[in-house]
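Down below is the structure, laid out as structure tokens.
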Amino acid sequence: KTTLMWFRQDLRRRDNPALRDAYEQGKILPIYIFDDTQTGKTAMGAASKWWLHHSLNALNESLNGHLHIFKGDPETIIPEILEKTGIQRVVWNRCYEPWQIKRDKAIKTHLKENDIEALSFNGSLLWEPWQVLKKDQTPYKVFTPYYRKGCLQQPEPRMPQSAPDRITYAKDYDDCLTLDELSLLPDIHWYKTMEQCWKPGEEGAADNLSVFLKDALEGYKDERNIPSVVGTSRLSPHLHFGEISPNQIWYAALDAKQGNTDNEHLDTFLSELGWREFSHYLLFHWPRLQTHNFNDKYNDFPWQQSKANLRAWQQGQTGIPIVDAGMRELWQTGYMHNRVRMIVGSFLVKNLLIDWREGERWFWDCLVDADMAANSASWQWVAGCGADAAPYFRIFNPVLQGEKFDTEGEYVSRYCPELKHMPKKYIHKPWEAPKEVRQKAQVVIGNTYPAPIVDLKASRQRALDAYDKIK
Ligand code: FAD
């Protein structure tokens, strides 16, 4: 039998359950549809599009040029292909954004009504969100019981499958687009710096995994907090686009430590994969997570509107070095270290009192790993309104955070080179440096580097007062 293999967020050959199924049935017609018709406000951001372009290119190469590309509404494109080719079987791996679930359900129903076999598989989560429930059959809201009592008590995650070696392709279908016709690459060349940091595609994912297992897994629990070193896997964009499955990562990490889950580094790393699952779980059970406070109490929060402050934050010009370094890392590389994401997030929603949704939107556009589940859940976590969130009144002091996690100021120097001659005593608070020190470091506050846009102490108090209003 010939199968239409619909690639989506599973842009890989290895451990791809839908592809494996299609392969076992006979010939394959592989397709990708860039669906910008039903996304609404969640249309793909610019950095993600850059990534997708390269990822599709890599996938096409690994399919010997047989990937067929389309743009538009899959609800009309798929039936058209089936009609023209006579194919009677469609497979895909599931996606979990609410609009995708709705769309895919409609497609499946329509296909089945027309006697087409339509099958979906789990290719991107370790545990299906509907499988992990509390004893009373309601979803968990707190991470630790969700992960330890819910997930880890389930049967072991599926073992990864190898890639099908010799795929037989169906006759090519002409009525499709070239990759360039999708116009995914942005007009401005800001992405040139991103090219030096990433290798989108299955091979890039495999490289990052092996480097991580060799150099960083041992030590992960501590090094994962240091933004100047590569102490984490940098697998998030690869995971988002499905160039690697969480199952491959899970079992490779277990193998690297001979299954010793008492190893604190391994345990911490696996639990981060657990946080990824938890985000998808929350989005599945609370589909409005991207736009609505998980905790209703925050609906009356007195957010402030300040275009100037928002812009300074977005451009890495707040005058708070660790915040600026993070925002510039994001702009230059499409990525930001997790510790710094928490710091810049806290600064936006607490010191600047700007609604977390503004931060969510900016990240959505700039991150190569922009992921509706992880981004919304994490922003809500930072803002205090999410499930199992950091309490609002726990406000990060960005100077102390910088001094603790970027002790030598290496990270700040890298992304704010105008501060690189500041002695480490002042690099996280250059405005406090005596005049002679600033002169020697060639820093003129308000000129070569901005003065802080808010007073940290006063804005902290203002945040606490705002919180009191909804408490
Ligand atoms: P590692 O430390 O190597 O972790 C391995 C994998 O676990 C990651 O690739 C990721 O898939 C997952 N993971 C780790 N931490 C988290 C977490 N807190 N929540 C969910 N999954 C996690 N992650 C995204 O993938 N997409 C986003 O859009 C996103 N937005 C974020 C926004 C904010 C405000 C914050 C605080 C965090 C956000 N994160 C997001 C989570 C986290 O910062 C990244 O997943 C992580 O930095 C990716 O780097 P890594 O692959 O080296 O992670």
Give the lysines whose C-alpha is closer than 20 Å to that of residue 27, dropping any in the same chain fewer than 8 places away, or say none. 1, 84, 171
³J(HN,Hα), Karplus 6.51/-1.76/1.60, whole Hz, each residue of the stretch 61-67, x for Gly, Pro: 4, 6, 9, 6, x, 9, 6
From phi via Karplus (6.51, -1.76, 1.60), per-residue ³J(HN,Hα) for the stretch 247-252 in Hz, x at Gly/Pro: 5, 4, 5, 4, 6, 5
For the stretch 106-210, which trypsin sites (Lys or Arg not before Pro) are both in a DSSP coil and crowded by at most 14 other Cβ atoms within 10 Å? 134, 135, 166, 171
Let me know the shape class of the stretch 3-123, please: from the alpha-carbon gyration tensor, a ≥ b ≥ c as square roots of the eigenvalues, rounded when a/c is under 1.5, otherwise prolate if a/b is greater than b/c, or oblate. oblate
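Restricting to DSSP H runs of at least four residues, report the calculated mean residue ellipticity at 222 nm for the chain, -39500 (n - 2.57) per run over all residues, nearest 500 deg cm²/dmol.
Values: 19 runs with 198 residues, N = 471.
Value at 222 nm, helices only, nearest 500: -12500 deg cm²/dmol.
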Going by amide H atoms built from the backbone, whose H comes under 5 Å of the H on residue 393, apart from near neighbours? none
Would you mind pulling out the separation of the Cα centroids of the stretch 139-153 and the stretch 217-242, in Å? 23 Å
For the chain, what does the relative contact order come out to in percent, with C-alpha contacts under 8 Å and a separation of six or more? 17 percent
Can you run phi through the Karplus equation (6.51, -1.76, 1.60; θ = phi - 60°) for the stretch 400-407 and list ³J(HN,Hα) in whole Hz, with x for Gly and Pro? 5, 4, x, 5, 7, 9, 10, 3
Residue 28's amide H: which non-local residues (gap 5+, or another chain) put their own amide H closer than 5 Å, with H modeled 1.01 Å from N in plane and none for Pro or chain starts? 3, 168, 169, 170
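Quick note: the coordinates plus some simple rules give every number you see, no bench work behind them. None of the values given here were measured: they were computed from a predicted structure. Neighbour counts are summed over all protein chains in view; Cβ atoms, including those assigned to glycine, are modelled from backbone coordinates with ideal geometry.
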